[in-house]
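Taking it in order: structure first as structure tokens, then the write-up.
Bear in mind these aren't lab numbers, they're just calculated from the coordinates by the rules spelled out. The structure displayed is predicted, hence computed values, not measured ones. Heads up, the Cβs are rebuilt from the backbone with ideal geometry, glycines too, and the neighbour counts pull from every protein chain shown.
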Amino acid sequence: MSPNGRLSIPARQRKALGLENGGMVVSTLDNGELRIRPIAVVLAEVQAMVAPYLKSSGDTVDQFIADKRAEAIREEQELQGYEERAKKSD
């Protein structure tokens, strides 16, 4: 470790982690040990932990998008209704 606190990871270890060209990592301190992991690995773990809850509730990205599209259609219809009423009152 350099005096300014920078830590160099050997090339062989960077390659094994898929960090040859740099990249984002997550570091954690556990029982006096520093653990450094690529963010892609951490995200995959989080997704795996959350997946059972999403499947059981029926929430998915596709469902979210469908809900947002339906909401946009409802809002557009409301706006058209307001515009039609405004024209009639003129």
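Observations
- 17 Å Cα-Cα reach of residue 88 towards aspartates and glutamates, excluding residues that sit fewer than 8 places from it in its own chain: 78
- Per-peptide average of other Cβ atoms within 10 Å, ordering 72-83, 38-49, 1-12 highest first: 38-49, 72-83, 1-12
- Binned Cα-Cα distance frequencies in the chain - 10 Å width, integer %: 12, 22, 19, 16, 13, 10, 6, 2
- Summed side-chain charge close to residue 90 - residues other than residue 90 whose Cβ falls under 15 Å, Lys, Arg +1, Asp, Glu -1: +1
- Entry note, the chain: the mean residue ellipticity at 222 nm calculated from DSSP H runs of n ≥ 4, each adding -39500 (n - 2.57), is -21000 deg cm²/dmol after division by the residues and rounding to the nearest 500.
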